[in-house]
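*Asks:* This is the structure I want to talk about, given as structure tokens.
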Amino acid sequence: MLAHFAAGMTIGLVGLGATLGMAWIAAKAVEGMARQPEATANIRLTMIIAIAFVESIALYALLVSFLLLAK
Amino acid sequence: MEPGAEVRHIFWPLKIFNFDISITSSVVVIWLAALAVFLIAFLATRRLSLIPGRLQNIFEVIYEFLDSQTRDLFGDQSRLWLPFIVTLFCFVLVANLCGLLPEVYPINANINTTATLALFVFFVYHWAGIREKGIFNYLKSLLPQGIPIFIMPLMAVVEILAHLARPFSLAIRLFSNMTAGHMVGLTLISFIFMVKNIWFSALPVTGKVLISMFEVFVAFIQAYVFAYLASLYIGLAIKEEH
């Protein structure tokens with residue numbers, strides 16, 4: 001029971017943090033693209049990679065919550 | 001439990017000195033992926049022409065893209081290290097895409113495969129640094145310069161931990177990305193068996209199709225991230241001191 005609660009809290013809290021991080025990355029990227037439209041391709045690539053990094057942290061949490069569920 | 005465990009199959013049980021090196025479906029898929037990369041690369045570069053054919057064009061795009069991304073890191077050693085990075089990229093990409101095929105064991109959703117790749121990168125970038133600077137200078141360059149001597153032991157511990165974290169994060173990143181994709185697909189399909197309604201089942205199937213499309217995208221991104229981080233580590237190891 002407690003492990004299930006912990007699993008839910010893990011993915012919930014990390015989801016909150018990771019979403020905020022991704023949103024910030026996207027917002028800053030859009031800002032940069034609006035300011036310098038000629039750098040759009042570069043900014044988009046960097047944004048996708050940065051988002052992949054943040055996403056992998058969210059997936060660590062998913063892994064941990066699966067491990068907690070399997071307990 | 002890992003996804004795809006039920007399709008794991010031991011083709012040839014093998015044991016040497018208590019080490020289990022059985023030929024499982026995972027090993028077979030790794031061999032097939034490596035063979036596929038080799039064959040495609042061989043066919044693409046067999047007859048190089050100034051006006052590239054279709055296969056050669058694909059490889060030129062990959063090579064030039066990775067070259068443009070890693071030129072700052074490698075500098076004049078680009079010709080030495082870029083083939084390694086491109087090979088790594090192609091293998092991880094083909095392995096990721098193989099995992100999306102039905103009935104094929106998703107080898108990158110197995111921590112053993114990704115940990116092997118990450119350890120390989122770990123040893124290669126240390127070797128690159130030692131090759132470039134010599135072992136003593138390389139070990140010295142691992143520590144930040146110009147700090148008081150009494151902080152040195154603490155910094156050494158921190159640096160060793162940071163270096164050990166690199167292969168760990170490489171392995172876990174690739175593994176968890178691939179596993180999560182398969183887990184989401186499995187969860188979606190399991191909704192069909194929970195609800196048991198033929199009209200409802202259109203929803204999970206649509207979701208699974210969309211997730212699979214997203215997984216193709218993720219396969220490319222993760223292969224690129226893996227290759228880029230490997231080149232970043234090599235680039236940091238061979239970087240000149242300022």
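*Asks:* Binning every alpha carbon pair distance of region B:16-89 at 10 Å from zero, what are the percents per bin?
*Replies:* 16, 35, 28, 14, 6, 0
*Asks:* Next up: To the nearest 0.05, how large is the calculated FRET efficiency for A:THR40 and B:PHE11 if R₀ is 41 Å and r is the Cβ-Cβ distance?
*Replies:* The calculated FRET efficiency here is 0.25.
*Asks:* Additional query: Less than 19 Å from a label point 7 Å out along the Cα-to-Cβ axis of B:ASP76: which backbone N atoms in region B:130-154 qualify, by residue?
*Replies:* Residues B:130-134 fall inside that zone.
*Asks:* Count charges around B:GLN56 for me, please; just the other residues with Cβ under 11 Å from its Cβ, Lys/Arg as +1, Asp/Glu as -1.
*Replies:* Computed value for this residue: +2.
*Asks:* At 7 Å along the Cα-to-beta-carbon direction for both B:LEU186 and B:SER68, put a label point, then send me their distance in nm to one decimal.
*Replies:* A separation of 3.9 nm, rounded to one decimal place.
*Asks:* Against the longest principal axis of chain A, how steep is helix A:2-35, in degrees 0 to 90 to the nearest 10, with axes from Cα atoms?
*Replies:* Once rounded, one gets 0 degrees.
*Asks:* Could you list B:MET178, A:MET1 so that the one with the fewest beta carbons within 10 Å of its beta carbon is first and the one with the most is last?
*Replies:* A:MET1, B:MET178
*Asks:* Suppose R0 equals 35 Å; then what is the FRET efficiency for B:SER212 and B:ILE23 from their Cβ-Cβ distance, rounded to the nearest 0.05?
*Replies:* My answer for the efficiency is 0.75.
*Asks:* Step by step: find N for region A:2-70, compute 2.2 N^0.38 Å, then divide the Cα radius of gyration by it. What's the final number?
*Replies:* 1.42
*Asks:* Using 7 Å Cα-to-Cβ label points, what is the A:PHE5/B:LYS196 separation (nm, one decimal)?
*Replies:* Each label point lies 7 Å from its Cα, and together they span 3.3 nm.
*Asks:* Working from Cα positions, state the angle (0 to 90°, nearest 10) between the long axis of helix B:78-100 and the longest principal axis of chain B.
*Replies:* 20 degrees
*Asks:* If you rank B:CYS90, B:CYS98 by fewest surrounding Cβ atoms within 10 Å, what's the result?
*Replies:* B:CYS98, B:CYS90
*Asks:* Once the convex hull of the C-alpha atoms of chain B is built, how many Å³ does it hold per residue, rounded to a whole number?
*Replies:* 193 Å³
*Asks:* So if the hydrodynamic radius of the protein assembly as shown is defined as the Kirkwood radius over C-alpha pairs, what does Stokes-Einstein give as its diffusion coefficient at 4 °C and 1.567 mPa s, in µm² per second?
*Replies:* This corresponds to a translational diffusion coefficient of 58 µm²/s.
*Asks:* Arrange the following residues from fewest to most other Cβ atoms within 10 Å of their Cβ: B:LEU188, B:LEU236.
*Replies:* B:LEU236, B:LEU188
*Asks:* In addition: What is the average number of partner chain Cβ atoms found within 10 Å of a Cβ in B:181-189?
*Replies:* Partner-chain Cβ atoms within 10 Å, mean over residues of B:181-189: 1.
*Asks:* Post the alpha-carbon centroid distance, region B:7-60 to region B:176-242, in whole angstrom.
*Replies:* The two parts, judged by their Cα centres, are 21 Å apart.
Since every read-out is calculated from the coordinates, none of them should be taken as a lab result. No experiment lies behind these values; they were computed from the predicted model shown. Please note: Cβ atoms are built from the backbone with ideal geometry, for glycine as well, and neighbour counts cover all protein chains shown.
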